[in-house]
1. Are any of the residues in segment 325-334 exposed (fewer than 13 other Cβ atoms within 10 Å of the Cβ) and either modelled with pLDDT of 80 or more or basic (Lys, Arg) (or both)?
2. Among the residues of segment 340-356, are any under 18 Å from LEU48 (Cβ atoms) and crowded, with 24+ Cβ neighbours inside 10 Å?
3. Tell me the residue from ILE133, ILE142 that is modelled with pLDDT of 80 or more and closer than 21 Å to ALA376 by Cα, please.
4. Hey, can you tell me all the residues within segment 398-457 that are charged (D, E, K, R) and closer than 18 Å to PRO101 by Cβ?
5. Sort out which residues of segment 160-193 are modelled with pLDDT of 90 or more, in contact with a helix residue (DSSP H, G or I) (Cβ under 9 Å, 6 or more places away or on another chain) and surrounded by fewer than 21 Cβ atoms within 10 Å (Cβ to Cβ), and write them in order of number.
6. Would you confirm whether any residue within segment 16-23 is modelled with pLDDT of 70 or more and either touching a Phe, Trp or Tyr at 6+ places or on another chain (Cβ under 7 Å) or part of a helix (DSSP H, G or I) (or both)?
7. Considering only segment 347-374, state which residues are at pLDDT below 85 and either more than 15 Å from PHE132 (Cβ to Cβ) or small (Gly, Ala, Ser) (or both).
8. Pick from segment 429-454 the residues that are of a type in the set (S, T, N, Q) and in contact (Cβ under 8 Å) with a residue 12 or more places away in the chain: which of them is farthest from VAL388 (Cα to Cα)?
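The values are calculated or read from the model by the stated rules, or taken from the named source; none is laboratory data. Source: prediction; values computed, not measured. Neighbour counts are summed over all protein chains in view; Cβ atoms, including those assigned to glycine, are modelled from backbone coordinates with ideal geometry.
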Amino acid sequence: MIYAIVLSIVVATLCIVTIIKTISVKNQTDFMVAGRKLPWPVLVFTLLSSWIGAGSLFAGGENAYRNGFAALWQPAGGWLGLLVIALIAGRARRFAQFTVPDLLETRYNSAARVMGTIAIVISYTIITSYQFIGGGDVLHLIFPDLAAVNGRYIIAAFVIVFTAAAGMASIAYLDLIIGSLVTIIVIVSVPLLLSNAGGWVEVRRALPPSHFQVLGDISIWTALGYLIPTMLLLIGNQGMYQKFFSARSEKDARFAVYGWIVGTVLLETLLVTMAVIGSSKFHTDKPREIIPLSAFRGLPQLVGAILLGGIFAKVISTANNYLFSPATNLIHDVYERFIDRNASQRRKLIVSRLIVVVLGLFALLQATQFESVLKAALYAYTIYGAAVTPSVMAVFFWKRTTTAGAICSIALGTLVTIFWNLGTHDLDAVYPALAASVISLVLVSFFTPPPHPSKWQPFFEN
């Protein structure tokens, strides 16, 4: 009963915030970048909540269940990416547009915009799809008579409605509530779970020694196969840039990154620790469920209920973010740019909400194609990281990049990832896809005329 009560409170809170923020949405700028009014404390938690979702809670938990603390290689990619982000957050806010394809067209051309949009739609709807999977698992744990697959439909309905209603304004302030709640409850939960498991001596006795080693039973290539896609997704992440574009100022964008670094390192380390402790006590044929399972069976009822409610809210929050981003792309980078340049604010708002619904249904369809959340996450990260991130980083760090080089990079990164995953290979897709993307970016850029200074100056001026 306590689990249902807490979940009801979480859902009611999400609904109230969404209704309030929906009323405040007057135009496209409000919908897409919250009117560019977000202060840095709000940005910290919306960045934290959008990054730490089912990828950390379910894919990271699955990884820790199988490999122990070697699973930290996966979030460590994000930590390295944050160091790069700290260098460019202010410049990204100064650019003050709406999407990553805005960057690509300004620096390259409209073809780069469209190709970047395609890669983002593919990868982000996959990421949204496994939020639905994770949310369905949580509902099944709390309500055993509800099949996990039916839980996915319920989660999908919530996410589509919340996202279509108020856009970025709703997402940012929902994230403030969710991010602070989950951070506090995870900090409280880890020592309680450890005590329930009998302390570290008992945890170490129950698990193989490899679970406490840097690499464990995985190779360095597998470890890097976890790290590199995560790093590439973070440093090219459209949702992150969109939040920087939503910042009140360049200073707010920079301060938000510093808070994000602290919060991410703390929370992801604690989540892996929780999964390792849980795996010493509970065994499951669905390793992705180890963190919610530990909350349900290994914590005092009230604490476990709050943590499960927080996990549920996290899934909703992350799904909101990753559904909202490709919808923004299609309305801003395709509809406005190529279909109806003179559309009124009202028409654009209506089309934005319809696109959210269509992409949400597409993500729900994709949820039927994956059983392992970890594999789905790495696939999505690689598509985005290999296709989009090299060209985005070149915007800020390499003046010599040409339009032809960027287009070749985006195309090869996307195609190599997709076709590599259609076959059976021992080598992770990130290696051939990233190599093809970066090599083509560099070589084609060197063999084509350098860009006019007007193309790179907006991104290098102090």
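1. no
2. no
3. ILE133
4. LYS455, the sole residue that qualifies.
5. Matches in segment 160-193: ILE187, VAL188, VAL190, LEU192.
6. The answer is yes, given that some residue of segment 16-23 is modelled with pLDDT of 70 or more and either touching a Phe, Trp or Tyr at 6+ places or on another chain (Cβ under 7 Å) or part of a helix (DSSP H, G or I) (or both).
7. Correct list: ARG347, LYS348, LEU349, ILE350, VAL351, SER352, ARG353, SER372, LEU374.
8. THR448
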